[in-house]
Amino acid sequence: MRNTARWAATLGLTATAVCGPLTGTALAAHGTGPSALYAPSALVLTMGHGDDAALATPERAVTLTCAPTSSGTHPSAAQACAELRGIGGDFDALAARSDVLCNKLYRPVVVTVEGVWQGKRVSYERVFSNECVKDSYGYGGVFTF
C-alpha cells in the first residue's frame, strides 16, 4: 500500500509540474505552432527514510521547473536549476562538498527524482547514509529540501 501511495503522489505532482504550463493561453495557441522555444524541464523530488524507494514512505516532495524560468515548491529553485544546468542534468555528477562534516550515524535517506529534463525522461534514485550527507551533495542545494 505504501508503494501505491508513493507512486500516486509522485505521478500527481509530476502531472501538475509538467502539465501546469499547458493551461490558459498555451492551450489556446495549440493549432498555431509551437507554444515554447525551450525543452521542458519539470521534476518532482521526494525524500523518505529507508534503504529503498519502494519501501520508504515519502516524507517530503517538491516540484522543480527550470524552463523557461526557475520555479516550483523547491526552496532553492533558482540555485538548484543553475546547478543542474551546469552538470547537464546528470544527477550522478553531483558530488559531496568537502567543506561539510557529517556524523557517521546511519539513518538512510532515499531521494527520488521523476519527470523531464530538457525534454528527456528522468528517473533517479539514490540512498544516502543520513540527511546531513544528502544535504552536502552539490552547491546549489538540489537535494536540500
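The values are calculated or read from the model by the stated rules, or taken from the named source; none is laboratory data. These figures come from a predicted structure and were not determined experimentally. Because the Cβ atoms are built from the backbone with ideal geometry, glycine has one as well, and the counts that use them run over all protein chains shown. SASA here: full protein model, heavy atoms, side chains in, ligands and nucleic acids out. Shrake-Rupley method; radii C 1.70, N 1.55, O 1.52, S 1.80 Å.
Without any contact (Cβ under 8 Å) to a residue 60 or more places away in the chain, under 12 Å from the mean Cα position of the chain (by Cα) and closer than 14 Å to Phe143 by Cα: which single residue out of Ala77, Ala93 fits that description?
On the way: Ala93 fails: under 12 Å from the mean Cα position of the chain (by Cα).
When all the criteria are applied, what remains is Ala77.
State the number of residues belonging to segment 101-110 that are exposed (fewer than 15 other Cβ atoms within 10 Å of the Cβ) and either among the aliphatic types (A, V, I, L, M) or within 27 Å of Arg85 (Cβ to Cβ) (or both). Show your work before the answer.
From segment 101-110, those exposed (fewer than 15 other Cβ atoms within 10 Å of the Cβ) are 101, 103-107; that's our starting set.
Adding the requirement that they be either among the aliphatic types (A, V, I, L, M) or within 27 Å of Arg85 (Cβ to Cβ) (or both) leaves 101, 105.
Residues that pass the stated criteria total 2.
Which condition does Ser41 not pass, out of (1) modelled with pLDDT of 95 or more; (2) open to solvent by less than 10 Å² (accessible area, probe 1.4 Å); (3) not β-branched (Val, Ile, Thr), if it passes all the others?
(1)
Pick from Thr14, Thr46: which is buried (at least 17 other Cβ atoms within 10 Å of the Cβ), modelled with pLDDT under 80, within 23 Å of Lys134 (Cβ to Cβ) and not basic (Lys, Arg)?
Working: Thr46 fails: modelled with pLDDT under 80.
It is Thr14.
Give the number of residues within segment 111-144 that are polar (S, T, N, Q), in contact with a Ser or Thr (Cβ under 9 Å, 6 or more places away or on another chain), open to solvent by 30 Å² or more (accessible area, probe 1.4 Å) and modelled with pLDDT of 90 or more.
2
Yes or no: segment 87-99 includes at least one residue that is over 18 Å from Thr144 (Cα atoms), open to solvent by less than 60 Å² (accessible area, probe 1.4 Å), modelled with pLDDT under 95 and in contact with a Pro (Cβ under 9 Å, 6 or more places away or on another chain). Outline the logic, then answer.
If we filter segment 87-99 for residues that are over 18 Å from Thr144 (Cα atoms), which is where we start, we get 88.
Within this subset, residues satisfying the condition of being open to solvent by less than 60 Å² (accessible area, probe 1.4 Å) are 88.
Filter again for modelled with pLDDT under 95, leaving 88.
Among the residues that remain, those that are also in contact with a Pro (Cβ under 9 Å, 6 or more places away or on another chain) are: none.
Within segment 87-99, not a single residue is over 18 Å from Thr144 (Cα atoms), open to solvent by less than 60 Å² (accessible area, probe 1.4 Å), modelled with pLDDT under 95 and in contact with a Pro (Cβ under 9 Å, 6 or more places away or on another chain).
Counting residues that are over 15 Å from Leu45 (Cα atoms), which strands (runs of 3 or more DSSP E) fully inside segment 56-145 reach at least 1?
Values: elements: 60-65, 109-117, 120-128.
Passing ranges, in order: 120-128.
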